[in-house]
Amino acid sequence: MRYCCEFNQIHAFHVDHVDHVDHVGHVGHVDRGIFFIRVLFILQLLSAALVALLWSTSASGHVYGALSEGAHWKLEPSRLGCKLSQPLPSYGTAVFYRRAGETMRFYLESQRKTKFGGQAHIMSAAPAWMHTQPINSLGKVKVNNGVRPVDISHNLASLVMAELQRGRVAVIEHTGWYTQHKVEVEVNAVNFTEAYRDFSACLADLLPANFDQLERTTFLFDSGADWLRREYRARIRTISEYVGVDKSVARIFVDGHSDSAGRTGANWDMSRRRAEVVKEIMMEEGIPEEMIVLRYHGENFPVAKNNSVKNRAKNRRVTLRMEKASR
């Protein structure tokens, strides 16, 4: 793409300076010797341009990207995460990804590892047929060592996506596979409008939270109480919705606790009642009973010393912990 203008200029020179040749191949009004000298000169220019192109590619780096006729976008929709990617021949993949409960990211997955750090320059360029438009710099990010050299967070990722929506090419330059080597990756906007529409529909259907955000939950209780505060039910509802989608979740451990006030037996019973109340609400919200592992511990396993009102409030609790099936 970067060399299209040079060849256009050479082509223009050829058209403007070669005299008219008639339909039977005779040169009109020009000495034959001058004509061949000019043809030889043009061939020398083309040869020099080709050598310069090859030298530039081998000395400064490599350019990767799908050609317009071969560029396509692949959507992998899920309520756990939405992934929109474009394969990049001989390089890897360019990916937009948003996980449930998080913001969108854009990253490059490379078939080869980078190991020299440095900075990546994120730009947008007009497609080849609009090469007179300027290249826009969108920002710079740190290059990561490994097979994901460029990983861009929400704001810049959204800017890259907006440029693709405008029909422009996303261009990422980063350090390459060896010293003084540069890589340029071009992400094509062909067919992006339809892909973006489907990607947006996937985003709208994402779950409100992911496994890491829901894996552990603590519900606190008032002194002497075994009823669950109203605001906690929404959390249980979110957990129920999550486990209904993520079939890798095998068990949810429900552990009841108390503070050390009162008799040991009474505290043990209170922790059991608190755990059972939470289990009952979980089942009301649609979590299968066979997934729930109920345990209660009385005043054992405090998270804080029972030497103040504030600390005892921390110990009156029920904890939920989701566990995935072992692979």
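Derivation of every value follows stated rules applied to the coordinates shown; laboratory data play no part. Just so you know, these numbers come straight off a predicted model, no measurement behind them. Quick reminder, even Gly has a Cβ in these numbers, built from the backbone with ideal geometry, and neighbours come from all protein chains shown.
Per-structure values
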| quantity | calculated |
| --- | --- |
| Cα centroid separation - segment 83-132 against segment 216-255, whole Å | 38 |
| Net dipole in debye of segment 70-179 [+1 Lys, Arg Cβ; -1 Asp, Glu Cβ; about Cα centre; nearest 20] | 220 |
| Partners for Lys140 among aspartates and glutamates (Cα-Cα distance below 18 Å; same-chain residues under 8 apart left out) | Glu109, Asp151, Glu163, Glu173, Glu184, Glu186 |
| Partners for Lys324 among aspartates and glutamates (Cα-Cα distance below 13 Å; same-chain residues under 8 apart left out) | Asp212, Glu215, Asp246 |
| Selection of trypsin sites (Lys or Arg not before Pro), segment 120-192, meeting DSSP coil and at most 15 other Cβ within 10 Å | Arg166 |
| Chymotrypsin sites (Phe, Trp or Tyr not before Pro) lying in DSSP loop within segment 141-208, provided at most 11 other Cβ fall within 10 Å | Tyr178 |
| Linear extension gain, Glu276 paired with Arg233, 0.36 nm per residue minus alpha-carbon span | 14.1 nm |
| Net length gained if the chain between Lys324 and Phe116 were fully extended (0.36 nm per residue, minus Cα distance) | 71.2 nm |
| Label point 7 Å beyond Cα of Val309 along Cβ direction - residues of segment 245-260 with amide nitrogen under 20 Å | 258-260 |
| Flagged links, alpha-carbon separation over 32 Å, of Lys247/Lys305; Lys83/Lys182; Lys83/Lys142 | Lys247/Lys305 |
| Loop-located trypsin sites (Lys or Arg not before Pro) in segment 65-98, at most 16 other Cβ atoms within 10 Å (DSSP) | Arg79 |
